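Novice: Below are the structure tokens for one structure; questions will follow.
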Amino acid sequence: MKSIMLFVMLFAVTSTTNAQLFKKLKEKTQKVLESKSESSNGSSSQNNSPEQTENRSTEKKASLPPDSNCRVVFSLAEDESFLYDESKVLSQNNKLHYSFVVQNKKYEYFLIEDGNRTGPFKEAPLKSMKENEEGSSGPTNDEISVGDDKKDPVALQYSKTINGKLFLVFNGKNYGPYDHVAKMILSPDKKQFFAAVTIGGQNAMTTKMGMGFCFIVNDGTLKQKAGTGGMSIPMKFSVSDGFKHCMITLMDQQSQKIISVTSANKQAEADMAEMYSGNSSSTFVSDNGDIISIPSQSPTQILVNGKEAASFKVPIKSMNRLFLTPDISKSVYYEKGTIYRADGTEESLSGVLFPRVITMNKETAVYYFKIYKNESGSKDVYLCKKVL
């Protein structure tokens with residue numbers, strides 16, 4: 001009997017001890033798991049999208065940025081976030097400018113321009129954003145329709161027939177006469193224009209349809225011929241970001257080639273199949289009149305007037321992430337937290353928002369934003385600069 005009682009007492013003590021030990025082990029294990037979870041959250045932010053990166057950075061207080069080239073430019077309330085598609089960072093007059101639209105949980109909108117906040121608005125103030133975007137007043141579609149009813153609305157607005165001849169009437173002056181105006185693009189301040197026109201051709205009917213001798217003209221003295229024959233067909237027309245030069249792409253019937261010609265008389269051959277393929281190349285004119293293109297068949301290259309000027313380790317998938325410098329060979333491409341230089345080198349720059357490479361005062365640097373939660377709970381937005 002004594003043995004049984006001793007066994008029962010020993011079992012009770014052991015059970016109690018085991019329960020206490022199990023409880024302690026459970027608590028310790030829980031703390032370890034929580035610690036690992038926090039560590040994992042902190043280390044995985046580099047692979048997140050910009051939106052996720054912002055949210056992650058505001059979950060807990062952070063120390064000030066270690067880079068001395070960062071400064072606070074504005075703050076966001078704890079419940080405010082960016083509308084990423086309506087954010088602009090650009091350079092004008094050798095200065096950096098930015099515009100952001102933010103939204104809170106009450107669906108109120110605010111516009112932040114160069115640190116100044118206005119609002120709240122019931123709807124996102126998108127009109128103000130578009131007006132401030134460099135070169136935004138020109139048409140977004142640069143394709144030219146020939147021989148149908150899809151006339152360019154800007155050209156129609158300024159076209160006028162005088163004594164049986166076609167002119168462009170712009171700011172009180174007459175420009176022409178022309179047989180056809182294929183495309184017209186106005187400067188942001190509407191004080192200048194570039195246009196693709198036809199003057200003469202093989203016969204009156206085709207010339208009136210826009211097929212003939214193609215020229216690019218402006219509100220000044222520009223009258224640059226494009227193509228060699230009298231049966232050239234204009235296909236695309238665009239202007240440079242700073243509205244300093246324009247470019248026309250046409251089918252030259254005499255040479256049986258697709259060519260691009262700029263107002264600086266720079267020329268490069270294009271590929272018809274590539275132009276209209278689903279993976280078409282990106283071609284545009286620079287402010288100095290050069291033809292810049294990224295071929296779809298070799299998207300790691302940048303061509304200037306048809307010749308290679310730069311090459312990257314990775315293909316250029318987004319033109320918004322390609323930053324061209326005055327010296328094209330020093331251009332950079334940003335993707336997934338890495339800056340790729342055209343000289344083949346690369347550098348990590350993860351966890352940043354709205355990166356933009358800009359050359360000001362002969363200094364080329366990447367400007368970007370970072371968000372840090374301060375002690376009051378609001379989010380300080382830092383503007384940072386890294387010289388390349």
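Novice: Apply the Karplus parameterisation 6.51 cos²θ - 1.76 cosθ + 1.60, with θ equal to phi minus 60°, to every residue of segment 191-207 and state each ³J(HN,Hα) to the nearest whole Hz, in sequence, with x for glycine and proline.
Specialist: Rounded to whole hertz, the list is 9, 9, 8, 10, 8, 9, 10, 10, 10, x, x, 5, 8, 4, 5, 5, 5.
Novice: Each label point is 7 Å from the Cα along the Cα-to-Cβ direction; what then is the distance between the points at Ser329 and Lys257, in nm?
Specialist: Distance between label points: 2.6 nm.
Novice: Can I ask one more? Taking the alpha carbon gyration tensor of segment 209-249, what are the square roots of 5 times its eigenvalues, largest first, to the nearest whole Å?
Specialist: 20, 12, 8
Novice: Please work out the FRET efficiency for the pair Ser348 and Arg71, using the Cβ-Cβ distance as r and a Förster radius of 25 Å; give the result to the nearest 0.05.
Specialist: 0.65
Novice: With labels modelled as points extended 7 Å from the Cα through the Cβ direction, what inter-label distance (nm, one decimal) is found for Arg117 paired with Gln267?
Specialist: Taking the simple label geometry, Arg117 and Gln267 are separated by 5.7 nm.
Novice: Right, another one. Please identify which residues in segment 360-388 have an amide N closer than 18 Å to a label point set 7 Å out from the Cα of Lys317, following the Cα→Cβ vector.
Specialist: none
Novice: Rg and Dmax of segment 138-238, Cα atoms, in Å?
Specialist: Rg, Dmax (Cα atoms, Å): 12.5, 38.
Novice: Still on this structure, please answer the following. Using the structure shown, list the pairs from Lys88/Lys330; Lys106/Lys386; Lys244/Lys362; Lys244/Lys330 with a Cα-Cα distance above 31 Å, or answer none.
Specialist: Cα-Cα > 31 Å for Lys106/Lys386; rest within.
Novice: Can you put Thr198, Thr364, Thr249, Thr228 in order of Cβ neighbours within 10 angstrom, beginning with the fewest?
Specialist: Working: Thr198 26, Thr364 17, Thr249 23, Thr228 13.
Ascending number of Cβ neighbours within 10 Å: Thr228, Thr364, Thr249, Thr198.
The numbers here are math on the coordinates, done by the rules we state, and not lab data. Small disclaimer: the values here were computed from a predicted structure and weren't measured. Using ideal geometry, Cβ is built from the backbone for each residue, glycine included, and neighbour counts are taken over all protein chains shown.
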